[in-house]
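The values are calculated or read from the model by the stated rules, or taken from the named source; none is laboratory data. What you see is a predicted model; the values in this text were computed from it and never measured. Cβ placement follows ideal geometry from the backbone for every residue including glycine, while neighbour counts extend to all protein chains displayed. Quick note on the areas: whole protein, heavy atoms, side chains included, nothing else; ligands and nucleic acids left out. Shrake-Rupley method; radii C 1.70, N 1.55, O 1.52, S 1.80 Å.
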Amino acid sequence: MKIRSFDDLKQYKKSLYGNKKTAKYTVLVGMATCGVASGANTTMTAFEETVNELGLKNVTLKRTGCIGYCFLEPIAEVIDEQGNSTIYTKVDKAKVAEIVSSHLQNGKPLTEGVIKPDMQRINLAEVKPIQKRQLRVALRNCGVIDPESLDDYIKYDGYMALAKCLFELTPNGVIEIIKRSGLRGRGGGGFSTGLKWSFVAKENAPVKNIICNADEGDPGAFMDRSILEGDPNSILEAMAIAGYATGAAHGYIYIRAEYPMAVKRLKIAIAQATEMGLLGDNIMGTDFSFDIQIKLGAGAFVCGEETALIHSIEGKRGEPKMKPPYPAKRGLWGEPTCVNNVETYANICPIIIKGDQWFNSMGTTKSPGTKVFALAGKINNVGLVEVPMGITLREMIYDVGGGIVDGKAFKAIQTGGPSGGVIPYTMLDTPIEYDSLVAMGSMMGSGGMIVMDEDDCMVNIAKFYLEFSVEESCGRCTPCRIGNKRLFEILEKITNGNGTMDDIRKLKELGRVIKDTALCGLGQTSPNPVLSTLHFFEDEYIAHVVDRTCPAKTCSSLIRYFIMPDKCIGCTLCARVCPVSCIDGERKALHSIRQHECIKCGACMDACKSNAIVKR
Amino acid sequence: MEVTTTQNGVDLELLKPVLAEYAKVSGSLITILQKTQAIYGYLPISALTEIAAATGVAPAKIMGVATFYTQFRLEPIGKYLIMVCQGTACHVNGSEKLAQALSDELGIQDGETSKDGLFTLKHVACLGCCSLAPAIMINDDVYGNLTGDKARKIVQDIAKKTKEAAK
């Protein structure tokens, strides 16, 4: 059927609830990329087979998106009639059998391997006070709905925000709400979304465009992928709202080819929504038309920059250009264009339905709302979290993130990817928001947070990011193309143990010049990893050049492996795994490493069962 | 850039439907190249020439686009493309050792294809599966939480299966 009015949509939503009696148990299996890679397909098949075999009639199986606890995948959630939920973790075939026989057949939930997340999801239809540490606004539907079912999305008030805009608000009214909400772009810079929309709306042009930037290239960030895999319709709906507000009729989603599952689910969502009259010509019977195309990126980090992205959609090399003119004035095909990132769009529908005041009651005054962070690195709870802005790093790492792996000492967190910097352990109580991060020499970026412990060398991390920037530089401007290469070479010299104090001075000077002179946002921020590690950890740099040591024992040129005489039992394991055969020793006698032949691969240390090998 | 490859046996007929659909649609050069690569597994020079003729875009421009994006290859690749993630989370969790193990197992370096034509090894920027670090992607499947040994086992299994299927 086609939806032709607001009433149609309300009726249709009602009918979805009315049709069939809800089953006694609903089993949700998280099937985003992380889940599938951890074996969620096997889990789902096992549930299907067991339920069919036993002929259980009171169970509904549903595939869903990412619940955020990636380190516990595959995850299955069982919800009973009363809405009680039990979340099972690491659900393999054997666990499925247990869940079915105990919980689904006998009504006894298992108690082992169950988590109770400190997390609350917003409900579009009602307002509840915030009680939990994690608050899901952008991720509200991820892990709840079936991402391949439009009906399921509509059940959770899908397309109600678009209907409200079309039938109850003027385009200007929509922009005013977004402006007043204080929503800032979630992709990096943090520009006001409402202002951006108003610039595009102001332009008098026959054709305007809406772009969704899903070219999530920051190493360490995967929230956009999760949103697209878990709740693709919310992005389509928000893009249509942006189209209505700015007077644009065409939408483009520029997405990385590395995200095949997200692409597939977006295609399904676009087809279903168009079929129902929620996208395409005369949406819901009004005279507003809006279509959406998917454009696959071809692998270039710089295409996350909006002008480069636009060039790429036009089929050209993805090189940025000078701004102004901004895309809002002259963007895709020279027409006014509004570019927002995925997470920004994911916030739009809740703001429209629940209002701007509701939105800016969360977070801080200058950074209202919530932010999704991708926690990764040396942290226990690796995964996606969504928290109100202004949370401190300490809460983030120790409460939400569950602390550092193996109880090691926290050293620093890296935010903002290759454009950002590190925040050291001394700043644990700083609130996380756009402006405080910039003040610390980092930036929000898309929200990737890599946690590093005492074993991570800051010079090496800076080198790692510079290597990335060198590789991904599009080559258009000299400061980025050549300057970053020189920065990288100096860092390489330092980590190889050949650096001087003068090199450290050069890093600072060159870094500042690149910051001031590069063409695009990515080039201007590319020295940040160097400058910020230098700012907070200059002592580590000095240790590399003066003492010729790597305090974190990471830089292989500056460390040596030794065998401890009191611990070596002469088992010969190390000698057998050594790829260059530089370990001598008879069975049951002390072994030793011929230092000048050692390539410092660490294979011996990994192999040793009596912890007799140390690095210094 | 020097392109040395024997490109005999490139059947340009296969390209015709793609060109019929997109040649006259402005801005679709990247889409055409992606579809071309999906057909041949890489971008043969003869196909690029054909695209230039059909779209009216200068061959130099096409070459410029084809060499700008990491997705495009001007050389054929193996049956399985192994992408080794070089993202930050993978880096701090040991992707270097993982990459070394794969190189040792297959006897090839980054960007090379194994002699049996089965595997191509490629180091790529973040795959966005940081929770699975260190991770690799083989064709469209992601494998995570790897060690050198686990990765070796995965490619050995794939090689074995492929060889059995060929029998």
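The figures follow:
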{"item": "Flagged links, alpha-carbon separation over 31 Å, of A:LYS485/A:LYS600; A:LYS371/A:LYS411; A:LYS329/B:LYS16; B:LYS97/B:LYS163", "result": "A:LYS329/B:LYS16"}
{"item": "Rounded Å value of the spacing that divides the Cα centres of segment A:329-351 and segment A:2-66", "result": "32"}
{"item": "Rounded to 5, the percent of DSSP beta bridges in segment A:20-116 classed as antiparallel", "result": "60"}
{"item": "Hypothetical label at B:LYS61: residues of segment B:19-41 whose amide nitrogen lies under 19 Å (7 Å Cα-Cβ projection)", "result": "B:19-36"}
{"item": "Within segment A:360-445: Cβ-based charge dipole about Cα centre, in debye rounded to nearest 20 (Lys, Arg +1; Asp, Glu -1)", "result": "180"}
{"item": "Gyration tensor verdict on chain B (Cα atoms; rounded if a/c is under 1.5, prolate if a/b is larger than b/c, oblate otherwise)", "result": "prolate"}
{"item": "Length added when fully stretched, A:GLU597-A:LEU195, from 0.36 nm per residue minus Cα-Cα", "result": "138.5 nm"}
{"item": "Under the span-like rule (Cα at least 27 Å along the axis, Kyte-Doolittle mean at least 1.6), DSSP H helices of chain A", "result": "none"}
{"item": "Within chain A, percent of DSSP bridges classed antiparallel, to nearest 5", "result": "55"}
{"item": "Partner chain coverage, peptide A:309-319 - average Cβ within 10 angstrom", "result": "5"}
{"item": "Candidates B:SER28, B:SER95, B:SER114: whichever shows maximal mean-square fluctuation once chain B is modelled as a Gaussian network with Cα springs under 10 Å", "result": "B:SER28"}
{"item": "Entries of A:LYS408/A:LYS506; B:LYS35/B:LYS122; B:LYS79/B:LYS160; A:LYS567/A:LYS588; A:LYS57/A:LYS132 with Cα pairs more than 23 Å apart", "result": "A:LYS408/A:LYS506; A:LYS57/A:LYS132"}
{"item": "Simple spin-label estimate for B:VAL25 and A:GLU126 in nanometres, 7 Å along Cα-Cβ", "result": "4.6"}
{"item": "For chain A, calculated [θ]222 nm from helices alone, where every DSSP H run of n ≥ 4 adds -39500 (n - 2.57)", "result": "-10500 deg cm²/dmol"}
{"item": "Set of aspartates and glutamates near A:LYS321 by C-alpha distance (under 15 Å), chain-local residues within fewer than 8 positions excluded", "result": "A:GLU305, A:GLU306"}
{"item": "Packing-based ranking, highest mean first, of A:183-194, A:336-347, A:391-402 given that Cβ atoms within 10 Å are counted", "result": "A:336-347, A:183-194, A:391-402"}
{"item": "Two-site FRET efficiency, A:THR430 against A:ASP92, from Cβ-Cβ distance with R₀ of 45 Å, rounded to 0.05", "result": "0.65"}
{"item": "Relative contact order (%) - chain A, alpha-carbon pairs under 8 angstrom, separation at least six", "result": "11"}
{"item": "Shielding of B:131-139 by partner chains, average beta-carbon count, 10 Å", "result": "5"}
{"item": "Cα gyration tensor shape for segment A:1-62, rounded if a/c is under 1.5, else prolate or oblate", "result": "oblate"}
{"item": "Antiparallel %, DSSP beta bridges [both residues in chain B], to 5", "result": "55"}
{"item": "Chain B: relative contact order as a whole-number percent, Cα under 8 Å and 6+ apart", "result": "18"}
{"item": "Sequence-separation-based contact order of segment B:80-165, relative, with Cα cut under 8 Å and 6+ spacing, percent", "result": "37"}
{"item": "Calculated FRET value between A:GLU275 and B:ASP11, using beta carbons and R₀ = 35 Å, to 0.05", "result": "0.45"}
{"item": "Protection proxy ranking, peptides A:434-444, A:566-576, average beta carbon neighbours within 10 Å, highest first", "result": "A:434-444, A:566-576"}
{"item": "Average other protein chain Cβ within 10 Å of Cβ, residues A:455-468", "result": "2"}
{"item": "Ellipticity estimate at 222 nm from DSSP helix runs (n ≥ 4, -39,500 (n - 2.57)) divided over chain B, nearest 500", "result": "-13500 deg cm²/dmol"}
{"item": "Point-to-point label distance, B:ASP116-A:LYS506, nm (Cα→Cβ direction, 7 Å offset)", "result": "4.7"}
{"item": "Solvent-accessible area buried by A and B, counting both chains, probe 1.4 angstrom, square angstrom", "result": "3000"}
{"item": "Reference-scaled alpha-carbon Rg (2.2 N^0.38 Å with N residues) for segment A:281-363", "result": "1.37"}
{"item": "All-pairs alpha carbon distance profile, chain A, 20 Å steps from 0, percent", "result": "18, 47, 28, 6, 0"}
